[in-house]
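The values are calculated or read from the model by the stated rules, or taken from the named source; none is laboratory data. All of these numbers come straight from a predicted model, not from anything done at the bench. Glycine gets a Cβ as well: all are built from the backbone with ideal geometry, and neighbour counts include every protein chain shown. Note: areas computed on protein heavy atoms with side chains; ligands, DNA, RNA excluded. Shrake-Rupley method; radii C 1.70, N 1.55, O 1.52, S 1.80 Å.
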Amino acid sequence: RLHKPDDPVTFMINYLNNPDERLVDTKRENLTDLLAHIRSNDNPQVSLREWLQDINRGDFAKRLFPFHSNQILKEYLALSEASEDGSVDDSTFIKRSLQLLTAPAIDNSYN
């Protein structure tokens, strides 16, 4: 099922203007949940890139990070591709994702 915002206009205004202002502990907990979800792929036929695209199209990541999910999932992919064995260090992922969440999502789209 493809995620569609209830109010696309408000979504775009918030996407352009708002950082994620929730408490760091909440964001960290949500990032940990997202990591567990990313790592739940048990189908060897599905590549990491395909799995992240599936996650991004669905509701799970959008519920946790309505405006930043795409950037966060791209960050995970970039970290995985930069690693020799494809592994991603949890603390590095969380630290870099928290940095993404401090700016409006559109600001991260140009990096």
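Solvent-accessible surface (1.4 Å probe) assigned to Arg96 amounts to roughly 100 Å². Applying 0.36 nm per residue to the separation of Arg49 and Leu35 and subtracting their alpha-carbon distance, the gain on full extension is 3.6 nm. Could you give me D for segment 29-97, from Stokes-Einstein at 25 °C and 0.890 mPa s, where the hydrodynamic radius is the Kirkwood radius over C-alpha pairs? Units µm² s⁻¹, please. D = 203 µm²/s. Label positions at Lys95 and Asp59, each projected 7 Å from the Cα along the C-beta direction, are separated by 3.6 nm. What base-10 log of the normalised intensity I(q)/I(0) is obtained for segment 69-109 from the Debye formula, alpha carbons as equal point scatterers, at q = 0.33 Å⁻¹? Debye output, listed in q order: -1.14.
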